[in-house]
1. Whenever you get a sec, line up Ile634, Ile600 from highest to lowest accessible area (probe 1.4 Å, protein heavy atoms).
2. What is the percent carbon and sulfur in the accessible area of region 594-699, measuring with a 1.4 Å probe over the protein chains and ignoring ligands?
3. Can you figure out the FRET efficiency of Lys140 with Ser584, using R₀ = 25 Å and their beta-carbon distance, to the nearest 0.05?
4. Label point 7 Å out from Ala559 along Cα-to-Cβ: which residues of region 195-219 have amide N under 17 Å?
5. Tell me whether region 255-324 comes out rounded, prolate or oblate; compute the Cα gyration tensor, take square roots of the eigenvalues as a ≥ b ≥ c, and use a/c under 1.5 as the rounded threshold.
6. Considering only protein heavy atoms and a 1.4 Å probe, what is the carbon-and-sulfur percentage of the accessible area of region 105-205?
7. Using a 1.4 Å probe and counting only protein heavy atoms, arrange Arg227, Arg697 so the residue with the most accessible area comes first.
8. Cross-chain or 8 or more residues apart, Cα under 22 Å: how many lysine pairs in region 109-227 fit that? Count them up, please.
Amino acid sequence: MGTSVQLTPLCGVYSENPLCYLLSIDGFNFLMDCGWNDLCDTNLLQPLSRVSSTVDAVLLSHPDMLHIGALPYAIKQLGLSAPVYATEPVYRLGLLTMYDYYLSRRQVSDFDLFTLDDIDSAFQNVTRLTYSQNYHLSDKGEGIVIAPHVAGHLLGGTVWKITKDGEDVVYAVDFNHRKERHLNGTVLESFVRPAVLITDAYNALNNQLYKRQRDQEFLEAILKVLRANGNVLLPVDTAGRALELLLILEQYWSQQHLTFPIFFLTNVATSTIDYVKSFLEWMSDSIAKSFEHTRDNAFLLKHINLIINKSELENIADVPKVVLASMPSLEVGFSHDIFVDWATEARHAILFTERGQFGTLARMLQVDPPPKAVKVTMSKRIPLAGDELKAYEEEQERIKKEAALKASLSKELRASQGSDANAGDAMVIDASSSHISADVAASRIGGFRDIFMDGFAPPATSVAPMFPFFENSAEWDDYGEVINPDDYIIKEEDMNGASAQGFGGDLDGKLDEGSAHLLLDTTPSKVVSNELTVQVKCSLIYMDFEGRSDGRSIKSILAHVAPLKLVLVHGSAEATEHLKEHCSKHVCPHVYAPQIEETIDVTSDLCAYKVQLSERLMSNVLFKKLGDYEISWIDAEVGKTNDMLTLFPVSSTPPTHKSVLVGDLKLADFKQFLASKGIQVEFAGGALRCGEYVTLRKISDFTQKGGTVAQHVIIEGPLTEEYYQIRELLYSQFYLF
């Protein structure tokens, strides 16, 4: 039978909510992405909370909030304990994204859904894979192979291919077929006829401008504002699409010798660029080749100022400038504060490069027409003073005393229990106390004790009334005294003065100094908030730099991939239904668009069986090399050996079979091959014209049973010597069985 495949959406279907899906393959449960929105709405995670304990592995596809935002919370609060797999950039940049989000929240609220320790804990056991690396799972996942492939969109972005028993399940969301300045396009088109393809309908209704036209309009819009003495704010993510925007601006400023200052403002700006500089092998071919030949790193930014504090921006002279600031939703972060400062002046502009999440300030400003006034909450953290500070210190002192008392009682209890353990066992003899009198020894082993003390009743576990004495009852093994690791854990309050050097161990000490100072600042503080009504007079511009394939390209790619079964997720209801209807007619008959917590069975209709080849059969098989594989034609009879299907040599003469040509002919490669043989050849109308009269064309037949694709190569022309020569050369490209 075919591999059993079920999918249960936990978030992100028929909407633009974060992505999170439970994919079960033969009982092994994958969590595909673990996203959250900028509002940290815990209601979105209710479906995940019901299945998190059953997850066997987590696969992350992109390093942004929509794909990884809920991972620390899920591991801390929801019982998610499965191993996590991602590419190196998704791991590193995802960690920075979570740091930036936490710092942004902490500056304006008493954020307690997760801490930096929770972030580190969530990411410290991530298994990092390289593109096209086949990783074989073990134990419960025995026989399953996972492999990340290039998705485009974000650095390290992944299309996951999961293989079991020769059947492929492909998870491809937020992919981009276009080659960009710092990223190659997706390799999704190289997958042909997977058993199941899971993809999104996010951009199904959108068609994009040509890249050159879009970039030109983007730069012209920015320069128009700058030359009118205005500032431009670009709300961006921490380490995703911001990288492409930085390269566009850097290259244009360098070519045009512009002097307007550009600032990249996040809590981890310098760390982000430091890491990105080391990820050149994950970027586009042009960047990798440029570095290989000239040692020129594209992210040695000469026109971009990296800053981590808004005060640095305020200290700059009041000149026209471009600021790329996190977060893209405008809900928190530096972009929120700068928007409030600049929105009231008509000379400034806010340039959105991606659609805002539903319910956020950014999405509200992107509606048509935009609002004339918006209510925002301005919050900041200020030190405690006066009575508030005194009350805080008294409370902290009380907490410390309670903790010390609790630790002391716990230690006494452990010592008492250790002493009682020895006292209750008559066979335990302490050599160090061999001089004790027989009466006392008798009392220690439960003998009669004639003791009376008025007003005092010794507890049942007491050995004898005595002054406090804690006997050393530690256990020993071959390596020495057995210790309790908890006794050596440095308490949080003791870390404050010493963790500046060690914070963010996963970042190798590269966390921005200002961000580290914020984290290690133990000055008692509180958050004060007030609501403002902001009159929006600045220009509001939206240009699509999301880096996703548009509707026209998605339809073309899906038609080329031609999966046996297609599952649509993540997209508005209108976009999902539109793409579902299109794919049902033009891609494959089995198209699904499930609702939240609706489990769909997309098990392959193919009947596949595992068989073993007998030694007698293998001794007569002749293999031929074909690429990375060896193939052979086998005539055999099916039998059973120890309840296992086995192939045996046929008992009679095998019947003849039609000749089979095995191989995959690429017309472009065959064209070069014919040219090397001195034959004049050229493409004409999608066919290959060879010599004067012979034509070759290649067509695919998708009507075969079982969903396989049959390729037909048609050669046409008069039966001349040239025809037979070309046919012979064509046959040489295949193996004949």
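1. Numbers: Ile634 60, Ile600 15 Å².
Heavy-atom accessible area, descending, gives Ile634, Ile600.
2. Working: 3880 of 7650 Å².
That fraction is 51 percent.
3. Details: r = 35 Å, r/R0 = 1.41.
Efficiency for this residue pair is about 0.10.
4. 204-208
5. Working: a/c = 3.62, a/b = 1.74, b/c = 2.09.
Cα axes put region 255-324 in the oblate bin.
6. Values: 1510 of 3600 Å².
Taking all protein chains in place, region 105-205 shows 42 percent carbon and sulfur surface.
7. On the way: Arg227 165, Arg697 85 Å².
Solvent-accessible surface, decreasing: Arg227, Arg697.
8. Details: Lys140/Lys161; Lys140/Lys164; Lys161/Lys179; Lys179/Lys211; Lys211/Lys224.
Total qualifying Lys-Lys pairs in region 109-227 comes to 5.
The values are calculated or read from the model by the stated rules, or taken from the named source; none is laboratory data. All values reported here derive from a predicted model rather than from experimental measurement. Positions of Cβ are generated from backbone atoms using ideal geometry, with glycine treated the same way; all protein chains shown enter the neighbour counts. Just the protein is used for accessible areas: all its heavy atoms, side chains included, with ligands, DNA and RNA removed. Shrake-Rupley method; radii C 1.70, N 1.55, O 1.52, S 1.80 Å.
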